[in-house]
Every structure is written in C-alpha cells, then in structure tokens.
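Below is one structure; the comments refer to it alone.
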Amino acid sequence: MKRFPTLTVSNHPLIRHKLTYIREKTTPKKVFKELVDEVATLLAYEITRSLPLRAVQVDTPLQKTTCHVIDSGNVVLVPLLRAGLGLVDGVLNLIPNCAVCHIGLYRDHDTHDPVTYYFKPMPQASDKFFIMVDPMLATGGSAIESANLLKENGAENIRFMCLVAAPEGVEAFAAAHPDVEIYAAALDEGLNDDAYILPGLGDAGDRLFGTR
Ligand code: PRP
Ligand code: URA
C-alpha cells in the first residue's frame, strides 16, 4: 500500500541530476531557470501519459494510414503565480498549443494561508485537461485553493505538477482533492517553522525572479 496513493515521484536519473543543481544555493539564476525548464519538460512527459488521443488520417509517402494526435487545444496549463511561471516554458516545449490560465495567489507570511488575487475562468472547463504547475507543494494551501477555483469553474480533470513536495502538503492536498494526481520531482522531509520545505530549494519565486 503506497503511503501517498495520489503522488508519483519521478526517480529518473536526469530529473534527480538536474534537481541536485536546482537545490544548490550557489547555482546562478540563469542556470537555475534553465534547469527548472528542463525538469518541467521531463515531468510534462510523465503527466501527459494519460492524455486522450484522437484518430486522424495521414498520407505517408507510401499509403494512407490512421494515426493519433493530442487535442492540444483541450489542454490547459495553469501556473500558480508567481513561481509557477517558471515551469511554463518547459511544458510549452512539448505542448506549444495548449492554453495557459493563470491563478495569482501568495502565502500570507504569518498564517501561511493562500491569498488569491487573480483568476480568469476558462470557458468549457469540463472538457479540458488541466495541468496546475508550481515548483513547491509545502502546506498545500496554495494548490488546494487553486484546485478549488478550477473545480468551481467546472474543471473535472486536473493534474498537479511540482518540483518538490512536502509530506504535509501531499497529505493535505490528497485529503482535499483525492481525484487530482500529483507529479513531483522529489518528496522531501518536511516543513520548518516558517513552512519552508526541508531540504527544499529555498524560495522558488525569489530564486526564479531574483527578488531575494
Ligand atoms: C510559494 C510557492 C507556492 C506556495 C507553496 O509561493 O510557489 O505557490 O508558496 O506553499 P503552500 O503549499 O504552503 O501554499 P509564494 O506564496 O511564496 O508566492 P510567489 O510564487 O509569488 O513567490
Ligand atoms: N514556497 C517556497 O518557495 N519554498 C518553500 O520551501 C515553501 C514555499
């Protein structure tokens, strides 16, 4: 019996290698972003494994045949601002035509509760395959609130991608959204008193945007 049934942690050597340098505090901002892009692309490969396919007819140079394509217009990437923006390019590398729907929220410094400041609902949400992206799943508050917003908008099919997850966040998110699978590059030890992930990678937004 898996401890966290909704969590998939990739143990691919490429992801583990790149995450090592993402964690390292001396990694320069430019390299940090490039590595985050690359890990996002690798995780996107995993998270899209169950995407529905549509049959299309193709003329090869030799004959007609039936092939399959993704309806990328039905895929919606949902970065949780701000740090989630850092994972967008890596996913767009694989699915350039997907829609991007932003959710703006930040953690209150004292309570650690999410404060939402932006959400523009998607039309026909029930037909879409949503991929929420945020580097960090700490207490789970931001991801839970984001999935709440998507579901209130009609979303029925949601996945969540992060780089580093804390057990506390995985547990809270799974309790609130047992239907939403989480794909992470690593499951870490836990949270410190400020609800930062240990060992983690620090403040993802600050490292991505140079604001520390
Ligand atoms: C970080 C991170 C997540 C959130 C995770 O964002 O990017 O959104 O914290 O913490 P939680 O699981 O406890 O909610 P932050 O609030 O620092 O905002 P930012 O992305 O604008 O830097
Ligand atoms: N947000 C971050 O950016 N890092 C953490 O460790 C926790 C929340």
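Derivation of every value follows stated rules applied to the coordinates shown; laboratory data play no part. Fair warning: this is a prediction, and the values are worked out from it, not measured in the lab. Backbone-built Cβ (ideal geometry, glycine too); neighbour counts: all protein chains shown.
A Cβ-based charge dipole, computed about the Cα centre of the chain with Lys and Arg at +1 and Asp and Glu at -1, lands at about 660 debye. Of the residues C98, C67, C162, the one with the fewest other Cβ atoms within 10 Å heads the list, and the complete ranking is C67, C98, C162. Calculated on the Cα set of the stretch 1-64, radius of gyration then Dmax: 18.2, 55 Å.
With R₀ fixed at 45 Å, the C-beta to C-beta distance from L62 to D179 puts the FRET efficiency at about 0.55. With a simple spin-label model that places each label point 7 Å from the Cα along the Cα-to-Cβ direction, the separation between D71 and L51 comes to 1.3 nm. Among 15-27, 138-150, 33-45, the peptide with the highest mean count of other Cβ atoms within 10 Å heads the list, and the full ranking is 138-150, 33-45, 15-27. Residues S10, S126, ranked from the fewest to the most other C-beta atoms within 10 Å, line up as S126, S10.
Taken over the stretch 58-164, the convex hull of the Cα atoms encloses 110 Å³ per residue. When the alpha carbon gyration tensor of the stretch 1-136 is reduced to an equivalent ellipsoid, its three semi-axes come out at 31, 21, 15 angstrom, largest first. Annotation: the residues H102, H177, sorted from fewest to most other C-beta atoms within 10 Å of their own C-beta, follow the order H102, H177. For a modelled paramagnetic label at D89, 7 Å from Cα along Cα-to-Cβ, the residues of the stretch 8-40 in reach, with backbone nitrogen under 16 Å, are 22, 28-40. In this calculation the C-beta distance from D110 to F4 is compared with R0 = 30 Å, giving a FRET efficiency of 0.60. Could you state the number of Å between the C-alpha centres of the stretch 30-72 and the stretch 154-192? Taking the Cα centre of each part, the stretch 154-192 and the stretch 30-72 sit 24 Å apart.
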